[in-house]
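Since the structure comes first, as structure tokens, the remarks are kept for the end.
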Amino acid sequence: MPGPLLLVAALALPGCWSAPIARLQAKGTPGPAQGAIVLAGESIKPPAVVQSVDLAARVITVLSAGEARLISYKVGLHVSNLERLKAGDKVQATVAEELTVYVRRDGDLPSAGGTSSTVATDAQVLFVDPSDPSYRLMTLHFPDGHDETVKVSLRDKFHEVETGDEVSIRPVEVIALRMKK
């Protein structure tokens, strides 16, 4: 009677299996990565609603869907449509960012800080795209569970960044603003 025995074995095996848990661990000693790797990157942020616009300081404050905290960005001089922007408009910003790469083991990641309301955010390098180094893409994993892909500047030490490294991300300025309907 192999039929019932096979059925019992097939039903019992899934109970023995559990999903793998990814534990990324950076190589090296804790602290800023060797040579304090600071990368210039840019990322496209999710659509957000403008809460305020300070034309004199060229600063916008936005609230993204599902977020509880407001985020303020300095807007670069070459962004031309800032004067048309008003509270309530929906925008999508491309932000130039400074990424400081850290290595840590069993401790807190030092934050790179920020100026005024541009606060550094911590993340972990989830994936560095090795398929074509000319694309210079790396995927970051944030504590809230979302992932974001960042394109790194050509003049940076991108080849020294590894999966598992910790990064502190400080927004520098908005380099493009797209109005959403």
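Checking Gln34 against (1) under 23 Å from Met138 (Cα atoms); (2) at pLDDT 75 or above; (3) polar (S, T, N, Q), only one condition comes out false. Which one?
The single condition Gln34 does not satisfy is (2).
For segment 147-169, what are the residues that are within 15 Å of Ala40 (Cβ to Cβ) and within 10 Å of the chain's Cα centre (by Cα)?
If the condition is that a residue be within 15 Å of Ala40 (Cβ to Cβ) and within 10 Å of the chain's Cα centre (by Cα), then Val150, Val167, Ser168, Ile169 are the ones that fit.
Determine the pairs where a residue that is more than 27 Å from Leu137 (Cα to Cα), located within segment 43-58, has a partner that is among the charged types (D, E, K, R) and surrounded by 14 or more Cβ atoms within 10 Å (Cβ to Cβ) with Cβ atoms under 8 Å apart, the partner being 6 or more residues away or on another chain.
These pairs meet every condition: Val49/Asp89; Val49/Lys90; Val50/Asp89; Val50/Lys90; Ala57/Lys74; Arg58/Lys74.
List the residue pairs whose Cβ atoms are under 8 Å apart, where the first residue sits in segment 151-164 and is free of Cβ contacts under 8 Å to residues at least 60 places away in the same chain and farther than 7 Å from Leu39 by Cβ, the second is surrounded by fewer than 17 Cβ atoms within 10 Å (Cβ to Cβ) and among the hydroxyl-bearing types (Ser, Thr, Tyr), and the two are 6 or more positions apart or on different chains.
none
Kindly indicate the residue of segment 55-87 that is charged (D, E, K, R) and modelled with pLDDT under 90 and also nearest to Lys45 (Cα to Cα) among those meeting that condition. Break it down stepwise before answering.
Our first condition is that a residue be charged (D, E, K, R); within segment 55-87, this holds for 58, 67, 69, 74, 83-84, 86.
Going one step further and asking which of them are modelled with pLDDT under 90, we end up with 67, 69.
Working: Glu67: 13, Arg69: 15 Å.
Among residues in segment 55-87 that are charged (D, E, K, R) and modelled with pLDDT under 90, the one nearest to Lys45 (Cα to Cα) is Glu67.
Only one of Val49, Val53, Val79 is over 16 Å from the mean Cα position of the chain (by Cα), assigned to a loop (DSSP other than H, G, I, E, B) and more than 22 Å from Ser168 (Cβ to Cβ). Can you tell me which?
Just one listed residue meets the conditions, Val79.
Which members of segment 54-80 meet the condition of being within 12 Å of Leu177 (Cα to Cα), surrounded by 13 or more Cβ atoms within 10 Å (Cβ to Cβ) and not β-branched (Val, Ile, Thr)?
Tyr73, Lys74, Gly76
The values are calculated or read from the model by the stated rules, or taken from the named source; none is laboratory data. Owing to the predicted nature of the structure, the values given are computational and were not obtained by experimental measurement. Every residue, glycine among them, receives a Cβ derived from its backbone with ideal geometry; neighbour counts consider all protein chains shown.
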